[in-house]
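The values are calculated or read from the model by the stated rules, or taken from the named source; none is laboratory data. Given the structure is predicted, the values throughout are model-derived calculations rather than measurements. Ideal geometry is used to build each Cβ from the backbone, glycine not excepted, and the neighbour counts take in all protein chains shown. Calculation scope for accessible area: heavy atoms of the full protein, side chains included, ligands and nucleic acids excluded. Shrake-Rupley method; radii C 1.70, N 1.55, O 1.52, S 1.80 Å.
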Amino acid sequence: QVQLVESGGGLVQAGGSLRLSCAASGITFRFTAMLWYRQAPGKQRELVASISSGDSTAYADSVKGRFTVSRDNAKSTQYLQMNSLKPEDTAVYYCSARSGIRSYWGQGTQVTVSS
């Protein structure tokens, strides 16, 4: 059974930083593409960042230069370092794993950025 467990969300002031973690189990992590999505109230879920099994990364334009995605295959964990946070980054952040045609999701962690 695949499980993705996010942690690290919280309340932070604008300009601050947070680091999200996503611990995975039930998958061959090192061969799996990992992604971060977010969903703000009243908005569609959007892709924030991704990291391939070969460590190639991609980012939404809105977070480029501020967010960094990384992975530790030995710990089956991916991370999202978020710096220079803005109120518009407020959302529930979801970890996702993509293996072949299947996608798996975590339960989400709330990030709130106050102005």
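Which condition does Gly100 not pass, out of (1) within 14 Å of the chain's Cα centre (by Cα); (2) open to solvent by 60 Å² or more (accessible area, probe 1.4 Å), if it passes all the others?
Going through the list (1) within 14 Å of the chain's Cα centre (by Cα); (2) open to solvent by 60 Å² or more (accessible area, probe 1.4 Å), Gly100 breaks only (1).
Are any residues in the range 19-51 closer than 21 Å to Ile101 by Cβ, outside any strand (DSSP E or B) and open to solvent by 40 Å² or more (accessible area, probe 1.4 Å), and if so, which ones?
Once the filter is applied, which keeps residues that are closer than 21 Å to Ile101 by Cβ, outside any strand (DSSP E or B) and open to solvent by 40 Å² or more (accessible area, probe 1.4 Å), the range 19-51 yields Gly26, Thr28, Arg30, Phe31, Arg45.
In the set Val69, Val63, which member is among the hydrophobic types (A, V, I, L, M, F, W, C) and in a strand (DSSP E or B)?
Just one listed residue meets the conditions, Val69.
Residue check: is Ala14 on the phi < 0 side of the Ramachandran plot, without any contact (Cβ under 8 Å) to a residue 24 or more places away in the chain, over 12 Å from the mean Cα position of the chain (by Cα) and open to solvent by 30 Å² or more (accessible area, probe 1.4 Å)? Give the steps one after another, and end with the answer.
Values: on the phi < 0 side of the Ramachandran plot: yes; without any contact (Cβ under 8 Å) to a residue 24 or more places away in the chain: no; over 12 Å from the mean Cα position of the chain (by Cα): yes; open to solvent by 30 Å² or more (accessible area, probe 1.4 Å): yes.
The answer is no for Ala14.
Filter the range 1-11 down to residues that are modelled with pLDDT of 95 or more and open to solvent by 50 Å² or more (accessible area, probe 1.4 Å) and give me whichever is nearest to Lys86 (Cα to Cα).
Leu11
Taking the options Gln81, Gln107, name whichever one is assigned to a loop (DSSP other than H, G, I, E, B) and under 14 Å from the mean Cα position of the chain (by Cα).
Sole residue among the options that is assigned to a loop (DSSP other than H, G, I, E, B) and under 14 Å from the mean Cα position of the chain (by Cα): Gln107.
May I ask you to verify whether Ala74 is in a loop (DSSP other than H, G, I, E, B) and among the hydrophobic types (A, V, I, L, M, F, W, C)?
yes
Only residues that are buried (at least 18 other Cβ atoms within 10 Å of the Cβ) and without any contact (Cβ under 8 Å) to a residue 24 or more places away in the chain: list them for the range 68-97, please.
Matches in the range 68-97: none.
Whether any residue in the range 31-39 is out of contact with any Lys or Arg (no Cβ under 8 Å at 6 or more places or on another chain), closer than 19 Å to Gly106 by Cβ and not hydrophobic (A, V, I, L, M, F, W, C) is what I want to check. Before the answer, list the steps.
Pass one, the range 31-39, residues out of contact with any Lys or Arg (no Cβ under 8 Å at 6 or more places or on another chain): 31, 36.
Filter once more, keeping what is closer than 19 Å to Gly106 by Cβ: 31, 36.
When the remaining residues are screened for being not hydrophobic (A, V, I, L, M, F, W, C), the result is none.
Within the range 31-39, none of the residues are out of contact with any Lys or Arg (no Cβ under 8 Å at 6 or more places or on another chain), closer than 19 Å to Gly106 by Cβ and not hydrophobic (A, V, I, L, M, F, W, C).
With (1) among the polar types (S, T, N, Q); (2) over 15 Å from Thr77 (Cα atoms); (3) touching a strand residue (DSSP E or B) at 6+ places or on another chain (Cβ under 7 Å) as the list, and Ser62 as the residue in question, which single condition is left unmet?
(3)
So which of Pro41, Pro87 is closer than 20 Å to Leu11 by Cβ and modelled with pLDDT under 95?
None of the others qualify; the one that does is Pro41.
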